[in-house]
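Some notes on the structure that comes next.
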Amino acid sequence: MTKDLDAVIIGAGFSGMYQLICLRDRLGLDAQVLEMGAGVGGTWYWNRYPGARCDSESHSYCYGFSRELLEQWEWSERYPEQAEILRYLNHVADRFDLRRSMSFNSKVVGAAYDAVANKWMVRTAGGDVYRCTWLITAVGCLSSANVPNIQGLEEFQGQWFHTGLWPHEGVDFSGKRVGQIGTGSTGIQAVPVIAQQAGHLTVFQRTANYSIPARNAPLTDAFKHYVKTQHGEIRALMHSTPNGHAFVINPRRVFDVDDAERARLFEEGWAHGGLQFRAAFGDVLIDQAANDEAAEFIKRKIRDVVHDPATAELLADIDHPFAAKRPPIDSDYFEAFNRDNVALVDVRSDPIAAVVPGGLVLQSGQSFALDIIVFATGFDAMTGPLLRMDITGRDGVRLADVWAAGPRTYLGLQVAGFPNLFTMTGPGSPSVLCNMPVAIEQHADWIADCIAHMRAEGLRTIETTDEAAEAWGRHVDAVANATLLPKATHSWYLGANVPGKPRVFMPYAGGMVRYREKCAAVAAEGYQGFVLSA
Ligand code: NA7
């Protein structure tokens, strides 16, 4: 089947759904979403692992474009769990009649730009071809599962799962010997829940990680009322903060206060819980000495919580600044190591050598008998979902070749040589350093406004330049280097979690406010850094 359209949007998660509303309902384009899953939801469709929950607070983890939606939808908990977010996204799909413009089970395997026709030809695994003027990738930043290439996995006689491709019917852990590899945000959420169900859980830790208690709880009626009646104020606050959350980062510095006051403020943040812990001071992610204070506070908490001193030491032996890797928040993660059925194994000093039919073997020869292996090993972040689609631009140039030394974009929105292709929340944009729905709505609106402008002016192509992308790339590097973020040399922000992936700090660390202003200025000044032609 070949179909002609104005726009194709790849992905039916938060970003693709709202982009469809912008293009189809606001601009009147003939737009279609292609989605590889069988339903909407993106991240929340795939990540169904035990304990899967958002680490943005529910009242800020939602769309802001519809007043009625803000006033009518009601979240039940401070941090919504996967099933609730998926219900929300299904509700949005129904409410705005999105499904009629979506093709599910449609995995995009290629997209090629035809310069003569000025069209993109988008191919799906099922052999369908969609011909369109505008191509928008809404594929998410963390959607390409990273299963480590461990020798012997295919011979494992038990079951294994990656958290990002979790079976819809769930996994029965009861009485099973479970091994979990990975202690990032996902692993930290999964451990306490799997521990409750499994016969025994062995956690294989390569890099110890900070985590702040989420203090998740049902929302009170008073808070629900506040969310519904004060949504304008809440959105204004979210749009005024660098990371799109509904809380202010206090500008005071860690050493502005004396030891006792600092301890009190950290305790207050710990008791309040969540990402807001970091907001007690403005310099935690900028100044190493300030960061050390926060890091030591958390390490002391870990030692207080975990009874076995050797386990506590291993969990608190953290080698990077606090929040330089994505900072997890948890519900009883460290407490789980006090259970009799949970053990921690250090695979930094003694790496995993192989999977064997009955379990795992470390390089020292120590072996573990396992029935189930859970890979909480993260994603080929940001570039992975784009590169796996085989996108070719002008003159058949492959995106994979253009990005061989790392991604280069202008504003995270466009790549030179790929006209009329927009990469929502692409590398070089705030994306994962921002509360995602905020970053997503800003991109979708900007792209829709750009297309509306072009149609009004009779323009047919927009393409950024190498110069603009190079300059933006230098700026992205500079703002990252002004923080402690690049000091976590093994982070997925840098691409360091995937063997062979170029090390480039991918998200824009300059903050959402500054980024939004830059994008608005670019548009207001005639799309500086882009070439628009008829
Ligand atoms: P992350 O944050 O990339 O964490 C992956 C974890 O898996 C991390 O602890 C890794 O250790 C570990 N890992 C990866 N490969 C291996 C191998 N081969 N051996 C041992 N351990 C390994 O992914 P998450 O899914 O937790 O979080 C991603 C984001 O999703 C999260 O920030 C939320 O926004 C949602 P490492 O640190 O690399 O040594």
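Filtered by the rule that a residue be out of contact with any Ser or Thr (no Cβ under 9 Å at 6 or more places or on another chain) and either surrounded by 19 or more Cβ atoms within 10 Å (Cβ to Cβ) or among the basic types (Lys, Arg) (or both), region 490-503 gives Ser491, Trp492, Tyr493, Leu494.
Matching residues to (1) crowded, with 20+ Cβ neighbours inside 10 Å; (2) not in a loop (DSSP other than H, G, I, E, B):
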{"residue": "Phe65", "(1), (2)": "no, no"}
{"residue": "Glu68", "(1), (2)": "no, yes"}
{"residue": "Glu71", "(1), (2)": "no, yes"}
{"residue": "Trp75", "(1), (2)": "yes, no"}
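Scanning region 175-208 for residues that are within 15 Å of the ligand (Cβ to nearest atom), within 16 Å of Trp160 (Cα to Cα) and assigned to a loop (DSSP other than H, G, I, E, B) gives a single hit, Gly182. For region 367-376, taking the residues that are assigned to a loop (DSSP other than H, G, I, E, B) and crowded, with 24+ Cβ neighbours inside 10 Å, the one that is nearest to the ligand (Cβ to nearest atom) is identified as Ala376.
Taking the criterion of being among the small types (Gly, Ala, Ser), more than 21 Å from the chain's Cα centre (by Cα) and surrounded by fewer than 24 Cβ atoms within 10 Å (Cβ to Cβ), the only residue of region 175-194 that qualifies is Gly175. Residue count for region 350-366 under the criterion of being within 12 Å of the ligand (Cβ to nearest atom) and without any contact (Cβ under 8 Å) to a residue 60 or more places away in the chain: the result is 3. Condition test on Gly406, is it over 28 Å from the mean Cα position of the chain (by Cα) and in a loop (DSSP other than H, G, I, E, B)? It is false that Gly406 is over 28 Å from the mean Cα position of the chain (by Cα) and in a loop (DSSP other than H, G, I, E, B). For Cys62, state whether it is hydrophobic (A, V, I, L, M, F, W, C), under 30 Å from Pro328 (Cβ atoms) and out of contact with any Leu (no Cβ under 8 Å at 6 or more places or on another chain). No.
Does region 455-467 hold any residues that are touching a helix residue (DSSP H, G or I) at 6+ places or on another chain (Cβ under 9 Å) and closer than 14 Å to Val522 by Cα, and which are they? It would help to see each step written out before you state the result.
Start the filter on region 455-467 by keeping residues that are touching a helix residue (DSSP H, G or I) at 6+ places or on another chain (Cβ under 9 Å), which leaves 459-464.
Ile462, Glu463, Thr464 - these are the residues of region 455-467 that are touching a helix residue (DSSP H, G or I) at 6+ places or on another chain (Cβ under 9 Å) and closer than 14 Å to Val522 by Cα.
Based on this model, can you work out whether Ala381 counts as within 16 Å of the ligand (Cβ to nearest atom), outside any strand (DSSP E or B) and at pLDDT 95 or above? For Ala381, the condition - within 16 Å of the ligand (Cβ to nearest atom), outside any strand (DSSP E or B) and at pLDDT 95 or above - is met.
Inspect all residues belonging to region 400-416 and state whether any of them is more than 16 Å from the ligand (Cβ to nearest atom) and in contact with an Asp or Glu (Cβ under 6 Å, 6 or more places away or on another chain). Talk me through it step by step, then tell me what you get.
The initial filter retains those residues of region 400-416 that are more than 16 Å from the ligand (Cβ to nearest atom), namely 400-416.
Add one more test, that the residue is in contact with an Asp or Glu (Cβ under 6 Å, 6 or more places away or on another chain), and what stays is 416.
Yes, some residue in region 400-416 is more than 16 Å from the ligand (Cβ to nearest atom) and in contact with an Asp or Glu (Cβ under 6 Å, 6 or more places away or on another chain).
Of all residues in region 476-502, those that are in contact (Cβ under 8 Å) with a residue 60 or more places away in the chain and of a type in the set (A, V, I, L, M) have Cβ atoms under 9 Å from Cβ atoms of residues that are within 16 Å of the ligand (Cβ to nearest atom) and part of a helix (DSSP H, G or I), 6 or more apart or on another chain, in Leu485/Leu433; Leu485/Tyr493; Leu485/Leu494; Ala488/Leu494; Val498/Gly384; Val498/Trp492.
Per-residue answers, yes or no, for (1) more than 27 Å from His59 (Cα to Cα); (2) small (Gly, Ala, Ser):
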{"position": "Arg394", "(1), (2)": "yes, no"}
{"position": "Trp403", "(1), (2)": "yes, no"}
{"position": "Gly426", "(1), (2)": "no, yes"}
{"position": "Ile440", "(1), (2)": "no, no"}
{"position": "Ala471", "(1), (2)": "yes, yes"}
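Only one entry of Gly511, Gly473 meets the criterion of being at positive phi and more than 16 Å from the ligand (Cβ to nearest atom), and that entry is Gly511.
Pairing each residue of region 313-327 that is on the phi > 0 side of the Ramachandran plot with any residue that is more than 9 Å from the ligand (Cβ to nearest atom) and part of a loop (DSSP other than H, G, I, E, B), provided the two are 6+ apart or on different chains, yields C-beta distances under 6 Å for Ala323/Leu285. Taking the criterion of being within 18 Å of the chain's Cα centre (by Cα) and part of a helix (DSSP H, G or I), the residues of region 421-460 that qualify are Ser431, Val432, Leu433, Met436, Pro437, Val438, Ala439, Ile440, Glu441, Gln442, His443, Ala444. Could you list, in sequence order, all residues of region 234-275 that are of a type in the set (Val, Ile, Thr) and over 21 Å from Tyr79 (Cβ atoms)? Matches in region 234-275: Val254, Val257. Arg278 falls short on exactly one of the conditions (1) of a type in the set (D, E, K, R); (2) surrounded by 15 or more Cβ atoms within 10 Å (Cβ to Cβ); (3) more than 16 Å from the ligand (Cβ to nearest atom), and that condition is (3). Does region 312-342 hold any residues that are assigned to a loop (DSSP other than H, G, I, E, B), within 28 Å of Phe173 (Cα to Cα) and at pLDDT 95 or above, and which are they? Selection gives Pro328, Ser331, Asp332, Phe337, Asn338, Arg339, Asp340, Asn341. Contact map, region 114-140: first residue under 19 Å from Cys450 (Cβ atoms) and touching a residue at least 60 places away in the same chain (Cβ under 8 Å), second residue part of a loop (DSSP other than H, G, I, E, B) and among the charged types (D, E, K, R), Cβ cut-off under 6 Å, separation 6 or more or different chains; pairs are Asn118/Arg460.
The rows are residues; the columns are (1) of a type in the set (Asp, Glu); (2) within 16 Å of the ligand (Cβ to nearest atom); (3) more than 16 Å from Arg388 (Cα to Cα); (4) not in a strand (DSSP E or B).
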position: Asp94; (1), (2), (3), (4): yes, no, yes, yes
position: Asp97; (1), (2), (3), (4): yes, no, yes, yes
position: Tyr113; (1), (2), (3), (4): no, no, yes, no
position: Ala117; (1), (2), (3), (4): no, no, yes, yes
position: Arg123; (1), (2), (3), (4): no, no, no, no
position: Gly127; (1), (2), (3), (4): no, no, yes, yes
position: Arg131; (1), (2), (3), (4): no, no, yes, no
position: Val139; (1), (2), (3), (4): no, yes, no, yes
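Counting only residues that are in a strand (DSSP E or B) and within 16 Å of the ligand (Cβ to nearest atom), region 33-58 holds 1 of them.
Looking only at residues in region 144-174 that are near the ligand (Cβ under 10 Å from one of its atoms), among the polar types (S, T, N, Q) and assigned to a loop (DSSP other than H, G, I, E, B), the one that is surrounded by the fewest Cβ atoms within 10 Å (Cβ to Cβ) is Asn149.
For region 431-438, the criterion of being away from the ligand (no atom under 16 Å from the Cβ), in contact with a Lys or Arg (Cβ under 9 Å, 6 or more places away or on another chain) and not charged (D, E, K, R) is met by no residue.
Could you please give the count of residues in region 1-32 that are touching a Pro at 6+ places or on another chain (Cβ under 7 Å) and either away from the ligand (no atom under 16 Å from the Cβ) or of a type in the set (D, E, K, R) (or both)?
Total satisfying the criteria: 0.
The values are calculated or read from the model by the stated rules, or taken from the named source; none is laboratory data. These numbers were taken from a predicted model, which means no experiment stands behind them. No Cβ is skipped: glycine too gets one built from the backbone with ideal geometry, and neighbour counts run over all protein chains shown.
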